[in-house]
1. Give me a comma-separated list of calculated 3J(HN,Hα) values for the range B:168-184, in order, Karplus coefficients 6.51, -1.76, 1.60 applied at θ = phi - 60°, integers in Hz, x for any Gly or Pro.
2. Please give the helix A:142-153 orientation as an angle from the longest Cα principal axis of chain A, in degrees from 0 to 90, rounded to the nearest 10.
3. Please compute the Kirkwood hydrodynamic radius of chain B from all pairs of different C-alpha atoms, in Å with one decimal.
4. Place +1 on the Cβ of every Lys and Arg and -1 on the Cβ of every Asp and Glu in the protein assembly as shown, take the dipole about the Cα centre, and give the residue among A:255, A:124, B:98 whose Cα lies farthest towards its positive end.
5. Residues of the range B:33-71 with the amide nitrogen closer than 11 Å to a label point 7 Å from the Cα of residue B:78, along Cα-to-Cβ, please.
6. May I ask which residue of A:225, A:192, A:174 lies farthest towards the positive end of the charge dipole of the range A:171-290, with charges of +1 (Lys, Arg) and -1 (Asp, Glu) on Cβ and the Cα centre as origin?
7. If the viscosity is 1.306 mPa s and the temperature 10 °C, what translational diffusion coefficient in µm²/s does Stokes-Einstein give for the range A:166-298 when Rh comes from Kirkwood over Cα pairs?
8. Which value, in nm² and rounded to one decimal, describes the direction-averaged projected area of the C-alpha convex hull of the range B:47-130?
Protein chains: 2
Amino acid sequence: MVVTSIAFIGLGAMGAPMAENLRKRQFRVTGFDMRESARAALVAAGGQTADSAAAAAEGAEALVLMVVNAAQARSVLFDAGALEALAPGATVILMATCPPGEVETIADAVTNTGRHFVDAPVSGGVKGAEGGTLTIMVAAPADSFAKAKPVLDAMGDKVFHVGQKPGQGATVKTVNQLLCGVHIAVAAEALSLAQKAGIDGKMLFEIMGGSAASSWMLRDRGPRMLDDEPPVASAVDIFVKDLGIVLDAGRAAKAALPLAAAAHQMFLAASGLGHGGRDDSHVVRAYRALNRKPDNDA
Amino acid sequence: MVVTSIAFIGLGAMGAPMAENLRKRQFRVTGFDMRESARAALVAAGGQTADSAAAAAEGAEALVLMVVNAAQARSVLFDAGALEALAPGATVILMATCPPGEVETIADAVTNTGRHFVDAPVSGGVKGAEGGTLTIMVAAPADSFAKAKPVLDAMGDKVFHVGQKPGQGATVKTVNQLLCGVHIAVAAEALSLAQKAGIDGKMLFEIMGGSAASSWMLRDRGPRMLDDEPPVASAVDIFVKDLGIVLDAGRAAKAALPLAAAAHQMFLAASGLGHGGRDDSHVVRAYRALNRKPDNDA
């Protein structure tokens, strides 16, 4: 069965443009989101919607899940009846960021109905979703991967088949978040030490951004740490959650992750200080609370 | 006094090409190194040498110190008599990686003799030293900086005046090492978690190197973590030392540095496991000791 009809669940900041990219590649897409406003936006853009997840999934050959977390994925598949509504032999593509262990459990439940399951989390943010340039980290048996490939190619231009076993894609995404979270926190730690010595933060990030000390996050988030209220690209609480998933994955695999654990504490502290909804560069506030920025800061 | 004659102490892998770049810019350079072989190499390359640090410094208008650490800098300046041998009003340029507090102490002793002191550590490695493309992080009063500027421009193309107070250059270099050390360790931590789940390390670094999870160190050191015996670009024990300097600077400034502290433990463990002289990507061995790489690693 070649996939031509797709149910797309989760029309958020990333889901909406991803569904739109599938439509542009001539797939028949029926979208659903719990929020009426998200469904209305898709209709306004010329898309199809349904009144429930099960109605969207009715007879579809693929189901893409771009929901918030694993609990929502389970709810859509099992409680709302989307799984049973799909065509027999259909392919479920889970693209939300979920703990690897939960992905394995969901995969078992899906494949037990004779359908395919593809673990396919993404990175690249809203920009990547809009441009169809997402990185997609796919784990699935070869035949399931082959069925999903044309669908994935419509949404991302860096599609990696990282393993045969569902949960391995989620692991790679987890590792991605481990690196991102630690890189943001360590940029804040570096700034904190430099400011204690009266070094100008802007010059610091200019020097570090052009040296072997650079990271993508340092160049992106560093300058925002110098703003009092940067626009929220991604919130502190996203890393409270995602580094939590990282540490849960470490527990499940019995892997010690000392740097991820320390970084998680700093994001937790920033959230506890009241910055949970602010831009994740605000993790610097946790360092500032510990290491007061001197008043005579240059 | 415009600087035309320079004593250059410390003709190692970086010092030798830096001295050579000064000669190419028409400075009169007299080099000295404790190792006879290093002096002989400079002579073979057409350079001038002297039999002692004091002899090299005799009447020179500037003294560049590219020695191993602060103890060697003190020994050359104060015990070997190089400081007193310099012309009155000469400029001492300390380019070795030293703890900020020690740089302040040395600066005081130098300026008490009426001479200038310029704190000017570098980053960019042997490649930057050879190409004259070093990043130089300079702290000195404006008049001292102006005297040293033409000398520094001969060795680096990114010369930043980070502050007026000696020790601030060393702080920026310290912050640079904080970032580099944590970025290497977290790349190893990421690999360690991924390999537990049977993810191929080569593919992991390919995906991460092209995403927001990337760092300069991840792209450079990551692939080397997959080699059993990579050539030694910089040794594990260099980061045992440099992250030690980072933590000493944190103690002196009363700045909590939780990520740097955790990374230091991993480099210490790698050294304790017998890998101190191996390439710093071998910090992955400390993670491997903690989180055994499964035998069925994909």
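1. 6, x, 4, 5, 5, 5, 4, 5, 4, 5, 4, 5, 4, x, 5, 5, 5
2. Tilt relative to chain A: about 70 degrees.
3. Evaluated on chain B, it is 20.2 Å.
4. A:124
5. B:71
6. Looking along the dipole axis, the top candidate is A:174.
7. Taking Rh from Cα pairs, D becomes 105 µm²/s.
8. 5.6 nm²
Every read-out reported here was derived from the displayed coordinates using simple, explicitly stated rules and does not represent laboratory data. Just so it is clear, the model here is predicted, and its values are computed rather than measured. So basically every Cβ, Gly included, is an ideal-geometry build from the backbone, and we count neighbours across all protein chains shown.
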